[in-house]
Amino acid sequence: MTSHLREELCEKHCRGDWSRYNQSLTQPPDTEDLFVGNYLLLPEIIPVGLKGAFCTSDPDFSLWTHPPDRIIRTVTEGQFLSKRNHIAAAGYEPSPDARLIVVGGASVNNTLLQLISNVFGMKVYRVGSANAAARGAALLAYAGIHGVDKMREVGYKDGFEVVAVPDPAAHDTYCIMRKLYTETQEKYVHHLVKVEEERIAMEEFRNRAFPVRRQYRSNSTASTSSARSKK
């Protein structure tokens, strides 16, 4: 889904030109103007049900009022800041010699991989095969039929290559932005809860203020249903 969102932003703001999209990501984060946010097209699992676009700068968390370059950078950074926070919440902190292995279509975008490396503070490795994810699934199926030892004999022949090394200064800035992202996300969640509570309160007020109207609607619905059944 994260790749789908990047494709959507590329089509909308760059007319499908990925080199133009990458230009929005090449500059290091501005330490004097830290700005974070994200765009969640579908409800998240963690936090439960979180959906929509949000950012740090506005009381209403509106992201779409900003220039295209800022929107692209904010959403792309937000995707990886969120993932980095998730693995930290699970208790995992990468060691200095840890490797981050990328597969899939987005793994050909070196600008994106450098951003990932800076956010996670890890060297990024790419599998030689463009279809590494599909091959991995096929190897697991092979192991289930023929055993792990046979699967290892087949294995991966392409190896891995280092495609990005973290920039220490950029990584330090992203560590600060991770905390800001968490705070902004929590504020956005509270904002959504407040909006929902206000909606429920208004609905309850209308039901109390206009009970006759509600009863009329109920009777009208019943009359319509009765008329249809007689036909």
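The values are calculated or read from the model by the stated rules, or taken from the named source; none is laboratory data. Keep in mind that what you see is a predicted model, and the values were worked out from it rather than measured. All Cβ positions, even for glycine, are placed from backbone atoms using ideal geometry, and neighbour counts span all protein chains on display. We work out accessible area using only protein heavy atoms, side chains counted, and drop any ligands, DNA or RNA first. Shrake-Rupley method; radii C 1.70, N 1.55, O 1.52, S 1.80 Å.
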Could you tell me which residue of region 109-126 is surrounded by the fewest Cβ atoms within 10 Å (Cβ to Cβ), considering only residues that are in contact with a Pro (Cβ under 6 Å, 6 or more places away or on another chain) and assigned to a helix (DSSP H, G or I)?
SER117
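Can you give me the number of residues within region 84-108 that are open to solvent by 60 Å² or more (accessible area, probe 1.4 Å) and within 21 Å of GLN27 (Cα to Cα)?
Of region 84-108, the ones open to solvent by 60 Å² or more (accessible area, probe 1.4 Å) are 86, 89-93, 96-97, 99, 101, 103, 105, 108.
Filter again for within 21 Å of GLN27 (Cα to Cα), leaving 108.
Total meeting the criteria: 1.
Tell me which residues, restricted to region 3-24, are assigned to a loop (DSSP other than H, G, I, E, B), on the phi < 0 side of the Ramachandran plot and among the small types (Gly, Ala, Ser).
SER24, the sole residue that qualifies.
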Residue satisfying all of: in region 21-51; of a type in the set (Gly, Ala, Ser) and modelled with pLDDT of 85 or more; nearest to GLN79 (Cα to Cα) among these:
GLY37
Working only within region 70-87, note down all residues that are out of contact with any strand residue (DSSP E or B) (no Cβ under 9 Å at 6 or more places or on another chain) and either outside any helix (DSSP H, G or I) or without any contact (Cβ under 8 Å) to a residue 40 or more places away in the chain (or both).
LYS83, ILE87
ALA143 open to solvent by less than 50 Å² (accessible area, probe 1.4 Å) and in a helix (DSSP H, G or I):
yes
When both residues are 6+ apart or on different chains and their Cβ atoms are under 6 Å apart, which pairs have a first residue that lies in region 181-195 and is within 16 Å of ALA53 (Cβ to Cβ), and a second that is open to solvent by less than 100 Å² (accessible area, probe 1.4 Å) and in a helix (DSSP H, G or I)?
TYR181/LEU81
From the list ALA133, ALA53, ALA164, pick out the single residue that is surrounded by fewer than 18 Cβ atoms within 10 Å (Cβ to Cβ) and either without any contact (Cβ under 8 Å) to a residue 40 or more places away in the chain or not basic (Lys, Arg) (or both).
ALA133
May I ask you to verify whether MET177 is open to solvent by less than 50 Å² (accessible area, probe 1.4 Å) and at pLDDT below 85?
no
